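Take a look at the structure below.
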Amino acid sequence: MKVSVDPMVCEANAVCVGLAPEVFDLDDDDELHILKPEVPAEEADRVRHAVRSCPKAALSLDE
């Protein structure tokens, strides 16, 4: 599974960071970084939840 972000849509609300901080990080400029684009199986459920919870639908999954 691969996760990605559309930087033009992301508003840096950091919901994903709160739900899966091992995969998502927000820098000092409020830019979202995906630390693990290839999501490990043990983190898949948290990442799916983070993607569904994004208030701007800026995240996507390729399963």
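The values are calculated or read from the model by the stated rules, or taken from the named source; none is laboratory data. Computed from a prediction, not measured in an experiment: that's the story for all the values here. Positions of Cβ are generated from backbone atoms using ideal geometry, with glycine treated the same way; all protein chains shown enter the neighbour counts. With ligands, DNA and RNA removed, areas are computed over all heavy atoms of the protein, side chains included. Shrake-Rupley method; radii C 1.70, N 1.55, O 1.52, S 1.80 Å.
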Carbon and sulfur %, accessible surface of the chain computed with the full protein complex present, 1.4 Å: 47
Cβ-defined net charge surrounding residue 35, 9 Å radius [Lys, Arg +1; Asp, Glu -1]: -1
Estimated [θ] at 222 nm from DSSP helical runs (n ≥ 4, -39500 (n - 2.57)) normalised by residues in the chain, nearest 500: -6000 deg cm²/dmol
Mean separation of Cα contacts under 8 Å (6+ apart) over length of the range 1-45, as relative contact order %: 43
Protein-only accessible surface order, largest first, of 8, 1 at 1.4 Å: 8, 1
Cα shape, the chain, gyration tensor, a/c 1.5 rule: prolate
Euclidean distance between Cα centres, the range 1-15 to the range 43-63, Å: 9
